[in-house]
Structures are given as structure tokens and as C-alpha cells.
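Below: one structure, written as C-alpha cells.
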Amino acid sequence: MIFSRKRAAGRHARDERGTEAPDGVEATEAEPARGPYDVSEAPPGVQRLDLGSLQIPAVPDVEVRVQADQQGVIQQVVLVHGKSALQLGVFAAPRSEGIWDEVREEIRQSLFNDGAAAQEAVGEHGTELHARVRTEDGLTDLRFVGVDGPRWMVRAVYQGAAATDPAAAGPLAQCLDGLVVDRGIEAKPVREPLPLRLPREAGEQAGSAGEQAAEVDPAPAAGTR
């Protein structure tokens with residue numbers, strides 16, 4: 001299933017996130033300068049593809065490829081631009097603290113156990129994990145990025161040129177910066193993947209197309225907050 005983004009979306013500033021104001025001092029920013037955003041603080045007027053817990057901003061020339069079962073439940077979301085790709089996942093987290101530091105260490109240990117070295121580096125969203133793994137197609141570079149939000153965590157994995165050169169991420173980084181998370185109010189176990197579903201129209205098209213990939217140009221109002 002492929003969603004091709006043909007229309008431009010509003011571009012918000014890619015400055016550093018606003019910091020929390022000290023006690024007794026009024027905050028100067030009403031919302032973070034860079035996403036991923038919680039649905040409660042997402043900038044309005046942006047065209048987005050609504051996949052349930054994730055809303056992906058429409059960025060020119062970025063394809064959103066998803067794997068979903070026959071019930072429309074999404075198993076995997078990958079954004080593709082040129083020779084780079086970005087795999088997205090979103091997970092439940094506790095209210096009191098973020099989980100990316102802990103998850104990152106577990107990824108590093110898992111890679112080490114598989115014979116792949118991984119190094120930490122500082123990126124636009126904080127500490128990242130860079131690794132080179134062996135696949136059926138040969139050695140592949142990966143760049144793991146994590147963002148902690150209110151009761152959720154986004155895990156993003158860059159592949160291709162964007163894995164070794166953040167400047168090559170371009171439109172994919174724009175998608176990550178504009179991502180919106182709708183956590184919902186239900187209690188969920190920590191680290192449980194938040195539910196992702198195809199838009200109704202896409203699900204109907206996928207059902208009629210069987211195993212064939214479908215290409216959908218999302219309606220302008222889809223997912224707009």
C-alpha cells in the first residue's frame with residue numbers, strides 16, 4: 001500500500017524545542033517549535049494523513065508505504081524519498097518519564113549481540129544511535145532516533161543516505177518534525193505499540209485490490225487539526 005504525497009504542506013520552524021519556563025515565569029511559547037507533536041499541541045492548518053495514532057504531514061515527493069492486514073491494522077509504516085527511507089513506530093510510555101534512553105540501550109545491546117557495533121551521536125532530537133548491520137543485500141547503515149512525548153515515544157529509523165548524512169534526510173526529516181501523535185486516553189502497557197489503521201477509503205481500496213499495491217492521494221482535510 002503506497003500513499004504518494006503530491007501536494008505541499010505548511011512548513012513550520014525547525015528551531016530547537018522550547019524549554020520549560022521556571023516556576024513563576026510565564027512560558028513564551030505556546031507549543032514546541034519542532035515535532036513530533038502531541039495532538040493537543042499540533043499546529044493547525046496542516047494537511048496530514050491520519051493513520052490513527054500517527055498523523056503524517058503531506059510533504060512533496062515523499063511516499064508513505066504501509067503494510068496492513070486484511071482488517072486494515074497497520075503493521076509497518078515506511079516513508080521513502082529518493083534513496084532514503086524512514087521507518088516509524090509509536091509506543092505507549094509512562095506519564096512520569098521518557099523511555100528512549102532505556103530503549104536505545106536495549107537496541108544497542110541487541111545489535112552488539114548480533115555482531116553489529118553501534119555508536120551514539122547527538123542529533124536534532126537528542127541522542128541517536130548509529131549502526132551498520134549485515135542484511136541479505138549486504139551492509140546497511142541505520143540511524144535510530146527517539147522522541148519522548150507525553151505518555152508516548154516515537155522511534156524513527158533512517159536508512160540509506162539519510163542514515164549516514166543527516167543533511168540528506170531533507171523531506172523525511174520534515175515529516176518527522178511535523179509528525180503528530182494521538183495517544184488516546186486509554187491505559188496501555190508501557191512500550192505497547194499504539195494502534196495504527198488505514199484511512200477508511202484506503203482500506204476499502206486495499207480490500208478490492210487484493211495483493212496489489214494501491215496509490216492514494218489523501219484528501220486535503222484528512223487529519224487536519
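The values are calculated or read from the model by the stated rules, or taken from the named source; none is laboratory data. Please read these numbers as outputs of a predicted model, since none were measured by experiment. Virtual Cβ from ideal backbone geometry, glycine too; neighbours counted across all protein chains shown. All accessible areas refer to the heavy atoms of the entire protein, side chains included, with ligands and DNA or RNA removed. Shrake-Rupley method; radii C 1.70, N 1.55, O 1.52, S 1.80 Å.
Between Arg134 and Gln109, what is the label-point separation in nm under the 7 Å Cα-to-beta-carbon projection?
2.4 nm
Percent of accessible area on segment 49-188 owned by carbon and sulfur, 1.4 Å probe?
Carbon and sulfur together cover 45 percent of it.
Please work out the Cα center distance from segment 155-183 to segment 83-149, rounded to the nearest Å.
Spelled out, the Cα-based centre of one part sits 12 Å from the other.
Scan around Ala33 for amide H atoms under 5 Å from its own, H built in the peptide plane at 1.01 Å from N, and keep only partners 5 or more places away or cross-chain.
Those qualifying (amide H under 5 Å, at least 5 residues apart or on another chain) are Gly18.
Please give the peptides 137-149, 184-196 ranked by average Cβ packing (other Cβ atoms within 10 Å per residue), highest first, as a rough proxy for protection. Write out the running numbers ahead of the final one.
Numbers: 137-149: 17.5, 184-196: 12.8.
Averaged packing, sorted descending, gives the order 137-149, 184-196.
Using the heavy atoms of the protein chains and a 1.4 angstrom probe, tell me the accessible area per residue for segment 49-188 in square angstrom.
It amounts to 48 Å² per residue over segment 49-188.
Using alpha-carbon pairs under 8 Å, 6+ residues apart, how would you state the relative contact order of segment 65-180 in percent?
Value for segment 65-180: 25 percent.
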